[in-house]
Amino acid sequence: MALILAATALPSHATTQTVSYSGYAGFSSITYQSQFYGFASLVNRPLTEGVQAYDYAVKILHTGEDTGYRKRAFWLGRWKQSAYGYDGDHILQITSGDGAPNTWSMWYGHPDVYVGWEEFGANTWWAGNIGDPNVVFNPANNTWIMLAQRQIDAGMPCDYGGTALMACDRIQYLSSGNCAYPWSKKTDRGVVINLTDPRRTALHHPELIYVSGDAQPWWLYVGASVNGVNLGYQRMKSADPTTFDWNTRETSNQSQLGNQIGYLNNCPGGRLFMRITFVDNGAGRTVPSMQISRDGLNWDFGANGPLKMEGSTDNLHNKNCYFLGMSTMSGQGPIYFFGGNHWQVLYGATTANSPGGSDILYSEIGSGQANIYVNP
């Protein structure tokens, strides 16, 4: 399997930057070569039933079926069906046979996952909007799982009983045999257990990877707040993707919210985790960037970083990049390896003028590609 432009150089106008790192056995720097293909080159869906749509929080999978190159992407988007009263944050799926820009099409003519009450979940903890999907192949049972953020507002039921006293979003587990609609939902509780103050705890912007060889291979990262206090990102490990123990959490220094984690196998010195995120480029835009880590907990922008990859050049509604995803093999985390200390990744970015408010109504999702060279 290979990604688009497999084993070929990127166009001459691609951006190249070498970032130096200290304290990493096996290498001293990484060269990143990036090319962005436009603010709506992955998802271009400006309207839904004639009203403003929005598209953000994308995650990308390299699945490879039928073409050997196939990519799938899942994202949060507005979906409106006036005939049924449907409107809100849904999870949608889009696919491309090779991941090339402007070749993506929706897997179905409808969402993969609906707002909870639209799927007979009224008056439950999972009745609300859903978003930030993380889709990963589970090798233990050959199924696909999805962890996604389910909105719980004050006054709604909590998954462990009682009523939310403030925003109490949870992470819900869903599964599918073929990575497609319909997704079976775990409705008795969210995946995080032993919350000490469940009616005042919000969990949001999950990031999930499967780390092969680890005794607890499922690693979940969530943004968290308890009683209005922001705790930043918390990591929990588990052998069971339906259950993560809050009491085992570790604080991680990830930058920004709603991004995707992958890793380089075969990296000199051992497995290297990479997390795509975004930074200010110093010229009035936010652009994609990359953090690295040996342990997946402590993250680094590099001695002469942060990396500034190519992003949107639009000047109307979509000038910045937020909530980024990047293609990993079956969503588990491995980034495609060419050999010779060379990896390649397809990345996606929510493009908007700001990450919230009315600006997000115009958000679309653009795509880019990066070659990654690890230097001794």
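Per-peptide packing, taken as the mean over residues of other Cβ atoms within 10 Å, places 76-84, 267-275 in the sequence 267-275, 76-84 from highest down. Of all aspartates and glutamates in the structure, those lying under 20 Å Cα to Cα from Lys59, and not within fewer than 8 positions of it along the same chain, are Asp89, Asp98, Asp112, Asp132, Asp169, Glu207, Glu310, Glu364.
Accessible surface area normalised per residue over the chain is 36 Å², counting heavy atoms of protein chains with a 1.4 Å rolling probe. Taking a ≥ b ≥ c as the square roots of the eigenvalues of the Cα gyration tensor of the stretch 73-165, is the shape rounded (a/c under 1.5), prolate (a/b larger than b/c) or oblate? Oblate, because a/c is 1.5 or more while a/b does not exceed b/c.
Highest GNM mean-square fluctuation among Gly325, Gly232, Gly190, for the chain modelled with Cα contacts below 10 Å: Gly232. For the stretch 29-80, the carbon plus sulfur part of the accessible surface works out to 52%, probe radius 1.4 Å.
Pop out the carbon and sulfur fraction of the accessible area of the stretch 253-307 as a percent, whole number, probe 1.4 Å.
Roughly 47 percent, rounded to a whole number.
Using a Gaussian network model of the chain in which every pair of alpha carbons under 10 angstrom is joined by a spring, one finds that among Ala349, Ala202, Ala14 the greatest mean-square fluctuation is at Ala14. In terms of the mean number of neighbouring beta-carbon atoms within 10 Å, the peptides 149-157, 213-221 order highest first as 149-157, 213-221. The residue list Gly348, Gln172, Gly85 was ranked by how far each Cα lies along the charge dipole of the chain toward its positive end, using unit charges on Cβ atoms, and Gly348 comes out on top.
The shape of the stretch 159-292 comes out oblate: with a ≥ b ≥ c from the C-alpha gyration tensor, a/c is at least 1.5 while a/b does not beat b/c. Cα gyration tensor of the stretch 225-376, axes a ≥ b ≥ c as square roots of the eigenvalues: rounded (a/c below 1.5), prolate (a/b > b/c) or oblate? Note, shape of the stretch 225-376 comes out oblate.
The values are calculated or read from the model by the stated rules, or taken from the named source; none is laboratory data. Model, not experiment: these values are computed from the prediction. A quick note on method: Cβ atoms are made from the backbone with ideal geometry, for glycine too, and the neighbour counts reach across all protein chains shown. Heads up: the accessible areas ignore ligands, DNA and RNA and are worked out on the full protein's heavy atoms, side chains in. Shrake-Rupley method; radii C 1.70, N 1.55, O 1.52, S 1.80 Å.
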